[in-house]
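The values are calculated or read from the model by the stated rules, or taken from the named source; none is laboratory data. On a predicted model such as this, the values are computed, not experimentally measured, just so you know. Every residue, glycine among them, receives a Cβ derived from its backbone with ideal geometry; neighbour counts consider all protein chains shown.
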Amino acid sequence: MTTRLSGMTREHEWLGYYDRFSYFSSGNVREGCHPRIMEHRDPSRKAIVLVHGLSDSPYFMTAIGEYFFRHLGYNVYIPLLHCHGLKDPKGMEGVELEEWKANVGYAVSTAALKAKEISIGGLSTGGTLGFYMATVNPGIQGSLYLFSAALDLAGGPFGMTGELKEILLQTFLADLLDSNKPLVGDNPYRYTHIDMDGAAELARLIRETDVLIEGFSLRVPYSKKVFAAHSACDTTADIAGIEALQAVSVQDRFSLFRIPKNLGVKHASVVLREPIVKDGKLLEAANPVFRDMMQAIARFESRS
């Protein structure tokens with residue numbers, strides 16, 4: 001589906017999404033940050049919901065979505081998370097984890113209208129939401145795809161460890177540490193920085209997923225098929241979270257695509273087929289092994 005706004009084309013724009021979530025519209029969402037829908041004319045047995053990360057937008061999941069649509073025959077749904085992708089984000093004030101869950105839940109229920117098997121996945125926070133929904137939503141019977149999933153936070157500002165960051169981000173310190181810099185900058189597809197209000201909601205989500213993971217064991221394993229891609233250069237999401245999930249999963253149903261450190265692939269670049277460049281300036285590098293990662297997904301997909 002393609003729409004035109006002020007002479008500009010928005011490919012695959014999901015107009016029904018605006019009807020469900022009135023705080024979004026074609027007018028207030030930045031160009032390229034819109035929610036996306038890709039549906040085959042003929043019925044498709046499979047569909048996937050792909051969820052973007054904290055501070056970015058559906059653009060980041062589009063190349064992966066196109067691969068699932070064109071090469072694997074899936075219908076694809078890429079929701080826009082509450083307070084993201086806006087021309088005037090107002091510091092993401094009022095952002096809510098429960099609204100993120102509602103955004104993803106709507107995408108899952110929409111996918112179920114035209115497909116029998118629903119998979120889910122996402123980048124960073126989107127991967128965390130994907131794991132949460134795959135675990136609690138019985139409508140998701142397919143596989144889980146994790147790209148730089150933020151199941152655990154890596155060390156960051158002020159030398160905080162991931163665990164300490166999660167604790168602090170759930171307290172009043174989130175507001176004290178928040179930046180007053182504008183969120184809209186050079187990059188057309190993401191905000192300039194991760195707002196602490198949003199980060200605090202992510203910390204709450206990680207606490208919830210920690211509890212879910214702790215509920216599984218070798219005796220009662222996580223049984224869904226899982227494909228995870230993670231870079232050794234990731235300084236945002238710690239791979240320990242992925243390894244914790246892998247340790248309690250059915251081993252022959254878990255595939256980990258490791259991107260070696262020498263390739264220098266950063267956190268969000270894992271999902272990019274092409275670099276993001278503006279006025280000759282490189283804003284986000286592409287993943288040099290994106291094609292290999294997609295081929296690994298195709299092999300994973302073909303396994304029974």
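Among residues that are part of a loop (DSSP other than H, G, I, E, B), out of contact with any Ser or Thr (no Cβ under 9 Å at 6 or more places or on another chain) and among the hydrophobic types (A, V, I, L, M, F, W, C), L72 is included. Assess whether R219 counts as being farther than 28 Å from F290 by Cβ and at pLDDT below 90. In short, no. Among the residues of segment 7-14, not a single one is at pLDDT 95 or above and within 20 Å of G142 (Cα to Cα). For G94, the conditions (1) touching a Gly at 6+ places or on another chain (Cβ under 6 Å); (2) part of a loop (DSSP other than H, G, I, E, B) all hold with the exception of (1).
Among the residues of segment 76-127, those that are over 15 Å from P58 (Cβ atoms) and either buried (at least 22 other Cβ atoms within 10 Å of the Cβ) or within 17 Å of the chain's Cα centre (by Cα) (or both) comprise M92, V95, E96, L97, E98, E99, K101, A102, G105, V108, I118, S119. If we keep just the residues of segment 54-64 that are buried (at least 24 other Cβ atoms within 10 Å of the Cβ) and of a type outside the set (S, T, Y), which is farthest from F24 (Cα to Cα)? Among them, the one singled out is I64.
In segment 111-136, the residues that are among the hydrophobic types (A, V, I, L, M, F, W, C) reach residues that are in a strand (DSSP E or B) and surrounded by fewer than 21 Cβ atoms within 10 Å (Cβ to Cβ) with C-beta atoms within less than 9 angstrom, at least six apart or across chains, in these pairs: A115/K46; I118/K46. Scanning segment 191-232 for residues that are of a type in the set (G, A, S), in contact with a Leu (Cβ under 9 Å, 6 or more places away or on another chain) and either part of a helix (DSSP H, G or I) or free of Cβ contacts under 8 Å to residues at least 60 places away in the same chain (or both) yields G198, A199, A200, A203, A232.
On inspection, A229 qualifies as buried (at least 18 other Cβ atoms within 10 Å of the Cβ), touching a Phe, Trp or Tyr at 6+ places or on another chain (Cβ under 8 Å) and aliphatic (A, V, I, L, M).
The rows are residues; the columns are (1) over 16 Å from S223 (Cα atoms); (2) outside any helix (DSSP H, G or I); (3) in contact with a Cys (Cβ under 7 Å, 6 or more places away or on another chain).
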site: A115; (1), (2), (3): yes, yes, no
site: S119; (1), (2), (3): no, yes, no
site: G122; (1), (2), (3): yes, yes, no
site: T128; (1), (2), (3): yes, no, no
site: F131; (1), (2), (3): no, no, no
site: T135; (1), (2), (3): no, no, no
site: I140; (1), (2), (3): no, yes, no
site: L146; (1), (2), (3): no, yes, no
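Out of Y23, Y77, Y106, Y67, one residue alone is in contact (Cβ under 8 Å) with a residue 24 or more places away in the chain and within 24 Å of K181 (Cβ to Cβ). It is Y23.
Within segment 75-89, is even one residue of a type in the set (F, W, Y), in contact with a helix residue (DSSP H, G or I) (Cβ under 7 Å, 6 or more places away or on another chain) and in a helix (DSSP H, G or I)? The answer is no; no qualifying residue exists.
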